[in-house]
Amino acid sequence: MFSVATFIDSFGPLLYAARYTLLISGLGIALGLVIGALICAARLSPFPALRRFAAVWVSFLRGVPLLVQLLLVYYLLPVIGIDVPAMVAAVVTVGICASAYVSEIWRGAIAALPRGQSEAAVAIGMSPGDIWTRIILPQAVSLSLPALVNELILLVKASSLVSVVGIMEITRASQAQAATTYRPLEVYIAAACIYLAINLCLAAVGRVLEHRMAV
């Protein structure tokens, strides 16, 4: 039978492990936003070499599973003389993977803006910098916000993959708890509840931000 006591007791260690899930996801999306902005700029660059590099970057990262990318980073860096902790390897991998999707989200948002706005801004004498900072970017951020929140939610779920390199996040903690209690059903249901609660909170924050930016 289902053990309510085991189910309730599982929340303590799993909530403690959730800090690593949130840390990896938060730092990963932050790194992904920075790299993604650079890749987006390269995709929109007038230089063919930069556009080709960005296209290859996006195609590779979207075509290779995150788990394989994580293992490549975790095992490749020591081979070339760079020994990094598992946490660093996880954050870097998640951020690099996210950058491919973030760059395409922003590129799509920028492409969706009417060209007439930029042309009108040029006609009234605005500089390229002012056009980007005052017209293009504010609208692009607003348009891309729902997709970026969705990407963050996907990263929270994908962060479970970092358990393969020994990081005690929710999934690995639930595996350890299940092995200790011999009650995997109750433990994994508790883990599912925590993931669900985190993602529902993120979705709610995203809706609030969308409403404020729309106003």
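The values are calculated or read from the model by the stated rules, or taken from the named source; none is laboratory data. Remember, it's a predicted structure, so these values are computed and weren't measured experimentally. Here Cβ is always computed from backbone atoms with ideal geometry, including for glycine, and neighbour counts include all displayed protein chains.
Whether any residue in segment 189-202 is of a type in the set (Val, Ile, Thr), surrounded by 14 or more Cβ atoms within 10 Å (Cβ to Cβ), within 26 Å of the chain's Cα centre (by Cα) and modelled with pLDDT under 90 is what I want to check.
The answer is no; no qualifying residue exists.
Every residue, every condition in (1) within 17 Å of the chain's Cα centre (by Cα); (2) of a type in the set (A, V, I, L, M, F, W, C); (3) under 30 Å from Met1 (Cβ atoms); (4) at pLDDT below 90, yes or no:
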position	(1), (2), (3), (4)
Ala111	no, yes, no, yes
Ser127	no, no, no, yes
Asp130	no, no, no, yes
Ser142	no, no, no, yes
Ala179	no, yes, yes, no
Pro184	no, no, yes, no
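Taking Arg52 and the conditions (1) touching a residue at least 24 places away in the same chain (Cβ under 8 Å); (2) more than 30 Å from Ser174 (Cβ to Cβ), which numbered condition does it fall short on, given that it satisfies the others?
For Arg52, the exception is condition (1).
What's the number of the condition Val149 fails, among (1) of a type in the set (A, V, I, L, M); (2) touching a Lys or Arg at 6+ places or on another chain (Cβ under 9 Å); (3) over 15 Å from Leu33 (Cβ atoms); (4) in a helix (DSSP H, G or I)?
Result: Val149 fails condition (3) only.
Could you list all residues from segment 83-104 that are outside any helix (DSSP H, G or I) and closer than 14 Å to Leu70 by Cα? Break it down into steps so the answer makes sense when it comes.
Looking only at segment 83-104, we keep the residues that are outside any helix (DSSP H, G or I), and these are 83-85.
Of everything in segment 83-104, those that are outside any helix (DSSP H, G or I) and closer than 14 Å to Leu70 by Cα turn out to be Val84, Pro85.
Name the pairs whose Cβ atoms lie under 6 Å apart, with the first residue in segment 98-119 and within 12 Å of Leu137 (Cα to Cα) and in contact (Cβ under 8 Å) with a residue 24 or more places away in the chain, the second part of a helix (DSSP H, G or I) and among the charged types (D, E, K, R), and 6 or more positions between them or separate chains?
Within 6 Å, the pairs are Arg107/Arg43.
I'd like to know if segment 69-87 contains one or more residues that are surrounded by fewer than 20 Cβ atoms within 10 Å (Cβ to Cβ) and under 15 Å from the mean Cα position of the chain (by Cα).
Yes, the conditions are met somewhere in segment 69-87.
Six or more apart or on different chains, Cβ atoms under 6 Å: show the pairs whose first residue is in segment 1-29 and closer than 21 Å to Ala89 by Cα and whose second is of a type in the set (S, T, N, Q).
Between residues of segment 1-29 that are closer than 21 Å to Ala89 by Cα and residues that are of a type in the set (S, T, N, Q), the close pairs are Thr21/Ser159; Ile24/Ser159; Ser25/Ser159.
Any residue in segment 151-160 that is crowded, with 17+ Cβ neighbours inside 10 Å and farther than 18 Å from Tyr20 by Cβ?
Among the residues of segment 151-160, at least one is crowded, with 17+ Cβ neighbours inside 10 Å and farther than 18 Å from Tyr20 by Cβ, which makes the answer yes.
Would you say Ile136 is under 23 Å from Ala42 (Cβ atoms) and β-branched (Val, Ile, Thr)?
Numbers: under 23 Å from Ala42 (Cβ atoms): yes; β-branched (Val, Ile, Thr): yes.
Considered against the rule, which asks whether it is under 23 Å from Ala42 (Cβ atoms) and β-branched (Val, Ile, Thr), Ile136 comes out as yes.
Restricting the search to segment 45-66, which residues are in a helix (DSSP H, G or I), of a type outside the set (Ser, Thr, Tyr) and either surrounded by fewer than 14 Cβ atoms within 10 Å (Cβ to Cβ) or in contact with an Asp or Glu (Cβ under 9 Å, 6 or more places away or on another chain) (or both)? Break it down into steps so the answer makes sense when it comes.
First pass over segment 45-66, keeping only residues in a helix (DSSP H, G or I): 48-63, 66.
Going one step further and asking which of them are of a type outside the set (Ser, Thr, Tyr), we end up with 48-58, 60-63, 66.
Residues satisfying the conditions are Pro48, Ala49, Arg52, Ala55, Val56, Val58, Phe60, Arg62, Gly63.
Would you mention how many residues in segment 105-142 are assigned to a helix (DSSP H, G or I), over 26 Å from Ile153 (Cα atoms) and not β-branched (Val, Ile, Thr)?
Within segment 105-142, residues that are assigned to a helix (DSSP H, G or I), over 26 Å from Ile153 (Cα atoms) and not β-branched (Val, Ile, Thr) number 13.
Pairs under 8 Å by beta carbon, first residue under 22 Å from Ala42 (Cβ atoms) in segment 57-73, partner of a type in the set (Lys, Arg) and surrounded by 11 or more Cβ atoms within 10 Å (Cβ to Cβ), six or more apart or different chains?
The qualifying pairs are Val58/Arg43.
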